[in-house]
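To start, the structure under review is shown below, and the notes come after it.
Each value in this text was obtained by applying a stated rule to the coordinates, not by laboratory testing. This structure is a prediction, so every number in the text was calculated from the model and none was measured. Quick reminder, even Gly has a Cβ in these numbers, built from the backbone with ideal geometry, and neighbours come from all protein chains shown.
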Amino acid sequence: MNVLLVNGSPHANGCTYTALAEVAKVLNAEGIDTQIFQIGTKPLAGCIACRTCSTIRRCVFSDCVNDFLDLAKDADGFIFGSPVHYATASGAITSFMDRVFFADLLTGKQSFYLKPAAAIVSARRGGTTGTTATFDQLNKYFTISEMPVISSRYWKVHGTTPEDVKKDLEGLQTMRVLARNMAWFLKCKEAGIKADVPFPEREETILY
Ligand SMILES: Cc1cc2nc3c(=O)[nH]c(=O)nc-3n(C[C@H](O)[C@H](O)[C@H](O)COP(=O)(O)O)c2cc1C
């Protein structure tokens, strides 16, 4: 089993990464492979609503969105991490997730269907400045894609540097609890499939 962890920060080794690395460490200890996927710092266009993905079966822009979609189909679970930028998710991860989830929907690949997902957030301060809005924003992609959402006891770390995050013991514990809950769910799902528990009956989508 493997989990893809997305770093939506421009800092490859910053606060969000430090939180994701804590999740990955515990997932690995649970016998689950991990890969931290960096969105990076290159310009990332938003979705231009061209719908070309429905015919070419990938996003019209060749960048990390298509790289991620190639990996996503074989992943068993997902963690998306974002720094808080002006009280919402980073612009990069917003563009990234808009295009990832729209391309997946229009190509019909269903790379996310019934795969567990979780969001984590990194902010400068210990309060909730923007963390709840960011967390809500990221969770919408999961709940529109039939992804079971894995929770912890909170959803954030705080700091400006990785060293700050390493001192945020509550935040790091939140990441470890999340990892164990994700691992437990993945093992239950695997056991359910082995026991021939059928996947849910599916209905044609009704769009108004
Ligand atoms: C453009 C920008 C806007 C930010 N806005 C907020 C904010 O609204 N609230 C907050 O708590 N931190 C804010 N921050 C701070 C970062 O969210 C915080 O330092 C985060 O932990 C950095 O994570 P990273 O090292 O993974 O990028 C902002 C940072 C930047 C660069």
Q: Could you please tell me which pairs satisfy a Cβ distance under 6 Å, a separation of 6+ or placement on different chains, a first residue in segment 186-208 that is in contact (Cβ under 8 Å) with a residue 12 or more places away in the chain, and a second residue that is of a type outside the set (Phe, Trp, Tyr) and assigned to a loop (DSSP other than H, G, I, E, B)?
A: LEU186/MET1; LEU186/ASP76
Q. Inside segment 103-136, can you point out the residues that are closer than 20 Å to HIS11 by Cβ, assigned to a loop (DSSP other than H, G, I, E, B) and not β-branched (Val, Ile, Thr)?
A. ARG124, ARG125, GLY126, GLY130
Q: Return only the number of the condition from (1) more than 27 Å from LYS189 (Cα to Cα); (2) surrounded by fewer than 22 Cβ atoms within 10 Å (Cβ to Cβ); (3) among the charged types (D, E, K, R); (4) more than 16 Å from the ligand (Cβ to nearest atom) that ARG125 does not satisfy.
A: (4)
Q. Of LEU71, LEU27, which residue is away from the ligand (no atom under 16 Å from the Cβ), under 15 Å from the mean Cα position of the chain (by Cα), surrounded by fewer than 18 Cβ atoms within 10 Å (Cβ to Cβ) and of a type in the set (A, V, I, L, M)?
A. LEU71
(Q) If I ask for residues that are within 16 Å of the ligand (Cβ to nearest atom) and within 15 Å of GLY81 (Cβ to Cβ), which ones from segment 145-163 would you list? (A) TYR154, TRP155, LYS156, VAL157, HIS158, GLY159, PRO162
Q. Can you tell me which residues in segment 145-178 are of a type outside the set (D, E, K, R), assigned to a helix (DSSP H, G or I) and more than 13 Å from the chain's Cα centre (by Cα)?
A. PRO162, VAL165, LEU169, GLY171, LEU172, GLN173, THR174, MET175, VAL177
Q) Exactly one of (1) of a type outside the set (Val, Ile, Thr); (2) more than 16 Å from the ligand (Cβ to nearest atom); (3) without any contact (Cβ under 8 Å) to a residue 12 or more places away in the chain is unmet by LEU4. Its number? A) (3)
Q. Wholly within segment 1-74, which helices (runs of 4 or more DSSP H) include no fewer than the required count, namely at least 3 residues that are closer than 19 Å to ALA119 by Cβ?
A. 15-29, 64-72
Q) So is PHE142 within 16 Å of the ligand (Cβ to nearest atom) and part of a helix (DSSP H, G or I) or not? A) no
Q: Scan segment 82-122 residue by residue and report those that are within 9 Å of the ligand (Cβ to nearest atom), aliphatic (A, V, I, L, M) and crowded, with 16+ Cβ neighbours inside 10 Å.
A: VAL84, VAL121
Q: State whether one or more residues within segment 83-102 are over 24 Å from ALA12 (Cβ atoms) and touching a residue at least 24 places away in the same chain (Cβ under 8 Å).
A: yes
